[in-house]
1. Has segment 153-172 got any residue that is buried (at least 17 other Cβ atoms within 10 Å of the Cβ) and within 16 Å of Leu111 (Cβ to Cβ)?
2. Which members of segment 28-43 meet the condition of being within 18 Å of Leu211 (Cβ to Cβ) and part of a helix (DSSP H, G or I)?
3. For segment 55-97, what are the residues that are within 19 Å of Ala28 (Cα to Cα), touching a residue at least 40 places away in the same chain (Cβ under 8 Å) and outside any loop (DSSP other than H, G, I, E, B)?
4. Just to verify a result, which residue in segment 95-120, among those that are farther than 17 Å from His213 by Cβ and in contact with a Phe, Trp or Tyr (Cβ under 7 Å, 6 or more places away or on another chain), is surrounded by the fewest Cβ atoms within 10 Å (Cβ to Cβ)?
5. Identify all residues within segment 173-193 that are among the acidic types (Asp, Glu) and buried (at least 23 other Cβ atoms within 10 Å of the Cβ); write none if there are none.
6. Of all residues in segment 165-205, how many are among the hydroxyl-bearing types (Ser, Thr, Tyr) and within 20 Å of Ser30 (Cα to Cα)?
7. Looking at Ala216, Ala179, Ala243, which one is over 18 Å from the mean Cα position of the chain (by Cα) and under 21 Å from Ala58 (Cα atoms)?
8. When you scan segment 31-45, do you find a residue that is within 26 Å of Glu226 (Cβ to Cβ) and either in contact with a strand residue (DSSP E or B) (Cβ under 8 Å, 6 or more places away or on another chain) or surrounded by 18 or more Cβ atoms within 10 Å (Cβ to Cβ) (or both), even just one?
Amino acid sequence: MPDVSIDLPAPALSDDAAVRDAVLDNAAWSSLTGPHAAFAIGGDLARRYPDDVAPFVAVRTWDDPAVWDALREIVDAGEQFGLSGFDGELPAGWEFVGGGEGVQLIETPVLSTRPDEEAVELGADDVDDMLAIVARNQPGPFRPRTHELGRYIGIRRGGRLVAMAGERLHPAGWTEISAVAVDEDHRRQGLASRLVLDVAFHIQQRGDRALMHAAASNTGAIAAYERLGFALRRRTRFSSVRAPQ
């Protein structure tokens with residue numbers, strides 16, 4: 001994610017909504033201590049997904065300096081991984097590799113979801129095609145077992161996977177829509193919107209609400225998601241960090 005920031009208005013939330021949605025303030029941690037606990041490696045201060053599932057590491061709070069010792073117990077020497085919400089100084093030996101501003105969007109009542117007749121569910125037999133479309137379009141981190149985090153769907157044309165979207169982080173009561181990718185020769189046909197609405201439909205069917213993350217610099221995608229019925233909730237800092245050798 002590029003190291004850029006844009007000015008976006010902060011969302012207005014009622015006190016009740018702010019309390020209810022607090023799990024979103026630390027979405028990866030909420031996932032790893034909640035619905036995705038079965039994937040979690042770590043303990044009370046720091047947790048991570050297996051590297052072949054997702055490159056995300058989360059901590060309970062950055063206010064406790066002991067989290068850095070906890071992180072060293074769950075990451076390999078020299079490993080590069082993603083962190084969210086950290087904007088302080090790294091301890092000696094830790095290296096900042098890159099980062100930038102991101103935005104978190106959540107569904108609103110305007111979002112009108114629906115299943116898509118052309119979309120097919122993707123699974124273990126489709127991993128090679130899923131990795132290939134991610135490599136072609138770079139929608140964000142996607143690993144060989146990322147599809148195990150939730151439901152993934154795609155559209156095939158002539159046997160080729162040309163569009164994809166699915167579920168990733170899963171804080172209690174919420175599911176993140178991620179890996180939205182459409183091949184260049186199939187863009188401007190509404191495929192991304194159709195898949196997002198299908199994924200959101202099934203999220204709502206099981207009683208959850210949909211959220212999304214995007215780079216703050218990706219104003220085109222943000223505008224498209226807002227037109228569908230998502231609204232900005234917060235901005236956050238994403239960092240790529242390398243552990244000490």
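Nothing in this text is a laboratory measurement; each read-out follows from the coordinates by a stated rule. This one's a predicted model, so the numbers in the text were calculated from it and none came from an experiment. Methodologically, a virtual Cβ is constructed for each residue, glycine included, from the backbone with ideal geometry; neighbour enumeration extends over all protein chains shown.
1. Narrowing segment 153-172 to residues buried (at least 17 other Cβ atoms within 10 Å of the Cβ): 153-155, 161-171.
Then keep just the ones that are within 16 Å of Leu111 (Cβ to Cβ); that gives 165, 167.
Within segment 153-172, one or more residues are buried (at least 17 other Cβ atoms within 10 Å of the Cβ) and within 16 Å of Leu111 (Cβ to Cβ).
2. As a first pass, look at segment 28-43 and keep what is within 18 Å of Leu211 (Cβ to Cβ): 28-36.
Ala28, Trp29, Ser30, Ser31, Leu32, listed by residue number.
3. Hits for segment 55-97 are Phe56, Leu71, Arg72, Gln80, Phe81, Gly82, Leu83, Ser84.
4. In this case the residue turns out to be Arg114.
5. Of segment 173-193, the ones among the acidic types (Asp, Glu) are 176, 183-185.
Matches in segment 173-193: Glu176 only.
6. Number satisfying all stated conditions: 2.
7. Answer to the selection: Ala243.
8. The answer is yes; a qualifying residue exists.
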